[in-house]
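Here the structure comes first, spelled out in structure tokens, and everything after it is commentary.
The values are calculated or read from the model by the stated rules, or taken from the named source; none is laboratory data. These numbers were taken from a predicted model, which means no experiment stands behind them. Counting neighbours? That spans all protein chains shown, and the Cβs are built from the backbone with ideal geometry, glycine included. We work out accessible area using only protein heavy atoms, side chains counted, and drop any ligands, DNA or RNA first. Shrake-Rupley method; radii C 1.70, N 1.55, O 1.52, S 1.80 Å.
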Amino acid sequence: MRDHVRMDARFLGITELVETPSVAVVVDVMRAFTVAAWAFAQGAEKIVLAESLDEALALKARHPDWVALKDGPPAPGFGAVNSPGLLRSVDLGGRTVVQKTTAGTVGALAVKEASLVLCAGFVVAEATARVLRTRQSDRVTFVVTGEDGQADEDLACAQYIARRATEAGTPAAEYLRRAAESRAAAELTEGVRQGVHPDDVALCLELDRFPFAMVAALEGPLMVLRQCAAPSPADETSF
Ligand SMILES: O=C(O)[C@H](CS(=O)(=O)O)OP(=O)(O)O
Ligand SMILES: [Mg+2]
């Protein structure tokens with residue numbers, strides 16, 4: 001693979017999305033897509049991204065074996081919360097998870113018509129960058145889901161993946177430092193957010209914890225997130 005190849009990367013908040021991108025990377029470090037990656041690691045078969053809490057509950061009612069997951073505190077009808085620290089002790093073998101959160105799932109649904117939608121956080125950064133490299137994606141829209149596009153943990157991760165997709169040796173430390181010092185990290189640490197495990201921030205900052213990427217696509221009326229094996233380095237080509 002050749003370093004310093006070209007990729008036109010745009011970084012937009014959810015409300016700044018005025019047209020459907022071709023390739024979108026939707027980033028939510030704290031915590032939706034760290035949680036999604038953990039759900040796959042715990043055996044989940046797929047994750048349905050719900051438009052609303054009501055839709056999540058309706059899907060759960062129609063499919064009693066599915067696991068509904070939301071952010072905030074535990075709530076009736078929801079079997080899990082949006083916390084990697086809490087989810088890592090849950091066996092999800094073969095299960096379908098229905099996820100609804102404030103930012104991450106909203107961002108993915110906002111680009112559901114895109115031809116490729118990757119959902120990402122630091123835990124799947126390299127695998128995500130590798131998909132972009134292999135596809136030779138020359139124009140990529142990064143959806144910075146938190147705080148109307150200003151969440152620094154999401155922007156830092158998006159910028160890291162964008163650089164990593166074109167410069168194999170990009171060091172992660174400065175990007176991880178920004179995420180560690182973000183408002184979201186402080187709120188999770190200080191108990192401002194609910195449904196939190198003490199290890200959540202650290203788990204969200206685990207670089208390349210998982211070897212897979214996560215691809216969301218419409219399956220009938222539902223937006224479904226699935227894990228996708230990262231291409232091997234031998235499959236990568238330069239732009
Ligand atoms: O669970 C989270 O960390 C947030 C919820 S909020 O920002 O505390 O309201 O949701 P996410 O969509 O994962 O950013
Ligand atoms: Mg977030």
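With the checklist (1) more than 15 Å from the chain's Cα centre (by Cα); (2) more than 27 Å from SER52 (Cα to Cα) in hand, flag the one item GLU219 doesn't pass.
Condition not satisfied by GLU219: (2).
Specify the residue that is nearest to ligand 1 (Cβ to nearest atom); the eligible residues are those in segment 133-162 that are buried (at least 19 other Cβ atoms within 10 Å of the Cβ) and more than 16 Å from the chain's Cα centre (by Cα). Let's see the steps before the verdict.
Looking only at segment 133-162, we keep the residues that are buried (at least 19 other Cβ atoms within 10 Å of the Cβ), and these are 133, 137, 140-146, 149, 151-162.
Checking which are more than 16 Å from the chain's Cα centre (by Cα) leaves us with 133, 137.
Values: ARG133: 27, SER137: 25 Å.
Per the stated criteria, the residue is SER137.
Being within 24 Å of VAL18 (Cα to Cα) and touching a strand residue (DSSP E or B) at 6+ places or on another chain (Cβ under 9 Å) narrows it down to one residue among VAL124, VAL144; which is it?
On the way: VAL124 fails: within 24 Å of VAL18 (Cα to Cα).
Being within 24 Å of VAL18 (Cα to Cα) and touching a strand residue (DSSP E or B) at 6+ places or on another chain (Cβ under 9 Å) holds for just one of VAL124, VAL144, which is VAL144.
Residues VAL192, VAL215, VAL224: which one is open to solvent by less than 20 Å² (accessible area, probe 1.4 Å) and among the β-branched types (Val, Ile, Thr)? Don't jump to the end; show me each part of the working.
Numbers: VAL192 fails: open to solvent by less than 20 Å² (accessible area, probe 1.4 Å); VAL215 fails: open to solvent by less than 20 Å² (accessible area, probe 1.4 Å).
Unique residue meeting the criteria: VAL224.
When residues of segment 44-60 are filtered for being hydrophobic (A, V, I, L, M, F, W, C), within 16 Å of ligand 1 (Cβ to nearest atom) and open to solvent by 30 Å² or more (accessible area, probe 1.4 Å), how many remain? If you could, list the steps in order and put the result at the bottom.
Taking segment 44-60 and keeping what is hydrophobic (A, V, I, L, M, F, W, C), we get 44, 47-50, 53, 56-59.
Narrowing the set further to residues that are within 16 Å of ligand 1 (Cβ to nearest atom) leaves 47-50, 53, 56.
With the extra rule that they be open to solvent by 30 Å² or more (accessible area, probe 1.4 Å), the set shrinks to 53.
Looking only at that region, the number is 1.
Can you report the number of residues in segment 13-43 which are touching a Ser or Thr at 6+ places or on another chain (Cβ under 7 Å) and away from ligand 1 (no atom under 15 Å from the Cβ)?
Final tally of qualifying residues: 5.
Within segment 229-238, is there a residue that is of a type in the set (Val, Ile, Thr) and surrounded by 14 or more Cβ atoms within 10 Å (Cβ to Cβ)?
Quick first cut of segment 229-238, residues of a type in the set (Val, Ile, Thr) only: 237.
When the remaining residues are screened for being surrounded by 14 or more Cβ atoms within 10 Å (Cβ to Cβ), the result is none.
The answer is no, given that none of the residues of segment 229-238 is of a type in the set (Val, Ile, Thr) and surrounded by 14 or more Cβ atoms within 10 Å (Cβ to Cβ).
Which residue, of ALA103, ALA120, is touching an Asp or Glu at 6+ places or on another chain (Cβ under 7 Å), surrounded by 17 or more Cβ atoms within 10 Å (Cβ to Cβ) and in contact (Cβ under 8 Å) with a residue 60 or more places away in the chain?
Values: ALA120 fails: touching an Asp or Glu at 6+ places or on another chain (Cβ under 7 Å).
Only one candidate passes the filter, namely ALA103.
Do you know which residues across segment 62-74 are away from ligand 1 (no atom under 13 Å from the Cβ) and surrounded by 13 or more Cβ atoms within 10 Å (Cβ to Cβ)? Explain how you work it out, then say what you get.
Just the residues of segment 62-74 that are away from ligand 1 (no atom under 13 Å from the Cβ), to begin with: 62-68.
Answer for segment 62-74, where residues must be away from ligand 1 (no atom under 13 Å from the Cβ) and surrounded by 13 or more Cβ atoms within 10 Å (Cβ to Cβ): HIS63, TRP66, VAL67, ALA68.
Of the residues ALA151, ALA125, ALA158, which single one is touching a helix residue (DSSP H, G or I) at 6+ places or on another chain (Cβ under 8 Å) and within 15 Å of ligand 2 (Cβ to nearest atom)?
ALA151
Quick one: count up the residues across segment 103-122 that are of a type outside the set (Gly, Ala, Ser) and not in a helix (DSSP H, G or I). Spell out the reasoning first.
To start, the set of residues in segment 103-122 that are of a type outside the set (Gly, Ala, Ser) comprises 105-106, 109, 111-113, 116-119, 122.
From the residues that got through so far, the ones that are not in a helix (DSSP H, G or I) too are 111-113, 116-119.
Total meeting the criteria: 7.
Assess whether ARG178 counts as being touching a residue at least 24 places away in the same chain (Cβ under 8 Å), open to solvent by 10 Å² or more (accessible area, probe 1.4 Å) and away from ligand 2 (no atom under 16 Å from the Cβ).
Values: touching a residue at least 24 places away in the same chain (Cβ under 8 Å): yes; open to solvent by 10 Å² or more (accessible area, probe 1.4 Å): yes; away from ligand 2 (no atom under 16 Å from the Cβ): no.
No, not satisfied.
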